[in-house]
Amino acid sequence: MARFWPGNRTTVPAALFLAAVLMFQGCSMVTPDSRTLETLPASVHTESPERLNFSLASPWWEQFNNQELNQLITRALTHNFTIREARARLDQAASLAAAKKADALPLITLETRYNRSQTDQDTTSFNTYSLGPAASYEVDLWGRINAGVTSSSLAARASASDLETAAMTIAAEVARTWVDLITAREQLARVKKQLEVHTTVRDLLELRFEKSMSSALDVLQQREVVAQTQAKIPPLENRIQQLKASVHLLLGQTPGTGLTITGDLPETLPELPHNGLPANLLVLRPDVRAQGQRLMAADWDAAAARIYRLPDLVLTGNFLFQDNALDLLLDNWILTLGARLAGLVFDGGQKKALSRQAAAVVQERLATYEKVVHTAIAEVETSMAAEKHQAEHILLLTAQLETARQALAEARRRYIKGLDPFIPFLTEQLNVQELEIRLLEQTALLIKNRITLYRALGGDWQAIVSPVPKEMP
């Protein structure tokens, strides 16, 4: 113990403790392994973002120029359950990272003590009162605390990237479901129109049969076509209801509430990007960033685990007002400073095993990161190839439909003139209707391929979803 004069009651103890803290600052010796994160393979042709034919910075769904789609995605990005869960996990991770930073700062408490003692020989008792602040500080000799703070900060940023990934996925899912819903609605409308045509033809055939101008087989075949067309309606109505429920769920709404989809499929799409990947694809993809941040966090954890067996130095200090009488408590004060240097002697190999475990986690995260990188590249290349071939398929299908319509017109002319029986006309009619439905489906698939490509390219999702919490390191 050491006593000080009243003039030094605050400046001297504080200066001594601060000097002890600063003396050991900057002693960090631990750093993660030098590791180069996976980059684009040399065989991949890259394109700079400014050379692509659409903006990667703006929300991609705006490329479709559909206000209904914009409103649906905007609502989903706010109310979707998955995004709300991801945002809550981000808040948790940011709070934990902020709390972890406190490990690098001194711990200051206010202590009050009261002791009463009495000797065995007599009844004399002694009362001791004390009051004052106490501080403790673990000097980061080897950088273990700094490694923990850095790791938790990277983990929080990975959670922020997870939120962006969730937004990227949900936006694409809403758009694809919207396209499916419009397609199903259009299919139902076309089937009902076909049913009207088939019913009219059936009535005419029955009238011709009554006048002996057509055979019973013609009537029965047309009745069969009417029944087949009617049978297509319930599955389509059921699919529409299912898709509406899916949209409600994506929007964070209760299925069954009012939802009206009145939009139409885009007639044209923006030009397909040039053959190649954006050079900063790995930066634009939040799922790639998240895995990279987790890999670096694991690196810091492994670095901290390697030096966990080294001694740790803890400084303690108490500045207490103390006296035997309560009314004289503030007239006497005592300063105590201490240091504890503790090191591991024997733990049965526990810390070494934990270090090996941390190193294995790094290898796992590295493999996961490499998988996500290669998956991102494959998704972009696959989506671009799929859209290119799908566009070619639609051109050929359109030409086939045009030829089928010409054949239907000729079959109708020959049947009316009595040159051919009813079967060729019926066959061509069904063929045209089937091709119309197929063309509608394939056009919807082309649009969904473009949505998949936009999702695969990533984008500036941090500007779209909620900003990072204030607690984010």
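The values are calculated or read from the model by the stated rules, or taken from the named source; none is laboratory data. Quick caveat, the model's predicted, so the values are computed rather than measured. Positions of Cβ are backbone-derived with ideal geometry, glycine not excepted, and every protein chain shown enters the neighbour counts.
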Exercise for the section: Kindly provide the set of residues from segment 68-93 that are surrounded by 14 or more Cβ atoms within 10 Å (Cβ to Cβ), free of Cβ contacts under 8 Å to residues at least 24 places away in the same chain and either outside any helix (DSSP H, G or I) or not polar (S, T, N, Q) (or both), ordered by number. Expected result: none
Exercise for the section: Could you tell me whether segment 201-208 includes any residue that is within 30 Å of Leu453 (Cα to Cα), in contact (Cβ under 8 Å) with a residue 24 or more places away in the chain and of a type outside the set (Val, Ile, Thr)? Expected result: no
Exercise for the section: Restrict the check to segment 284-296 and report whether at least one residue is under 25 Å from Gly458 (Cβ atoms) and either modelled with pLDDT under 85 or exposed (fewer than 14 other Cβ atoms within 10 Å of the Cβ) (or both). Expected result: yes
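In this structure, is Glu186 surrounded by fewer than 23 Cβ atoms within 10 Å (Cβ to Cβ) and either assigned to a helix (DSSP H, G or I) or among the acidic types (Asp, Glu) (or both)?
For Glu186, the condition - surrounded by fewer than 23 Cβ atoms within 10 Å (Cβ to Cβ) and either assigned to a helix (DSSP H, G or I) or among the acidic types (Asp, Glu) (or both) - is met.
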Practice task
Tell me which of these Ala342 doesn't satisfy, since it passes every other one: (1) hydrophobic (A, V, I, L, M, F, W, C); (2) in contact with a Lys or Arg (Cβ under 8 Å, 6 or more places away or on another chain); (3) modelled with pLDDT under 70.
Solution key: (2)
Problem - Positions within segment 434-461 being touching a Pro at 6+ places or on another chain (Cβ under 7 Å) and under 16 Å from Ile394 (Cβ atoms), in sequence order - result: Ile447
Practice task
Give just the number: which of (1) modelled with pLDDT of 90 or more; (2) assigned to a strand (DSSP E or B) does Gln322 not satisfy?
Solution key: (1)
Handout entry: Candidate set from segment 407-454 (those that are part of a helix (DSSP H, G or I) and either touching a His at 6+ places or on another chain (Cβ under 8 Å) or of a type in the set (Gly, Ala, Ser) (or both)); member that is farthest from Thr165 (Cα to Cα)
Key = Ala411
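I need the full set of residues from segment 233-248 which are in contact (Cβ under 8 Å) with a residue 24 or more places away in the chain and either over 27 Å from the mean Cα position of the chain (by Cα) or surrounded by fewer than 16 Cβ atoms within 10 Å (Cβ to Cβ) (or both), in order please.
Ile233, Leu236, Glu237, Arg239, Ile240
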Handout entry: Inter-residue pairs, beta-carbon under 9 Å, first within 11 Å of Ser136 (Cα to Cα) and in contact (Cβ under 8 Å) with a residue 40 or more places away in the chain and in segment 97-112, second of a type in the set (Ser, Thr, Tyr) and surrounded by 12 or more Cβ atoms within 10 Å (Cβ to Cβ), 6+ apart
Key = Pro106/Ser136; Pro106/Tyr137
Fill in the blank from the handout: Within segment 230-257, the count of residues that are more than 21 Å from Ala171 (Cβ to Cβ) and either at pLDDT 95 or above or part of a helix (DSSP H, G or I) (or both) comes to 12
Completion exercise
Lys470 vs (1) at pLDDT below 90; (2) assigned to a helix (DSSP H, G or I); (3) among the basic types (Lys, Arg): all pass except (2)
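Looking for whichever is over 29 Å from the mean Cα position of the chain (by Cα) and surrounded by 15 or more Cβ atoms within 10 Å (Cβ to Cβ) here; the options are Leu446, Leu430, Leu457, Leu453. Which one fits?
Leu430
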Problem - Residue check, Ala166 in a helix (DSSP H, G or I), of a type in the set (A, V, I, L, M) and either touching a residue at least 60 places away in the same chain (Cβ under 8 Å) or surrounded by fewer than 18 Cβ atoms within 10 Å (Cβ to Cβ) (or both) - result: yes
Problem - Whichever residue in segment 391-424 is touching an Asp or Glu at 6+ places or on another chain (Cβ under 6 Å) and within 26 Å of Gln442 (Cβ to Cβ) and, among such residues, is surrounded by the fewest Cβ atoms within 10 Å (Cβ to Cβ) - result: Ala407
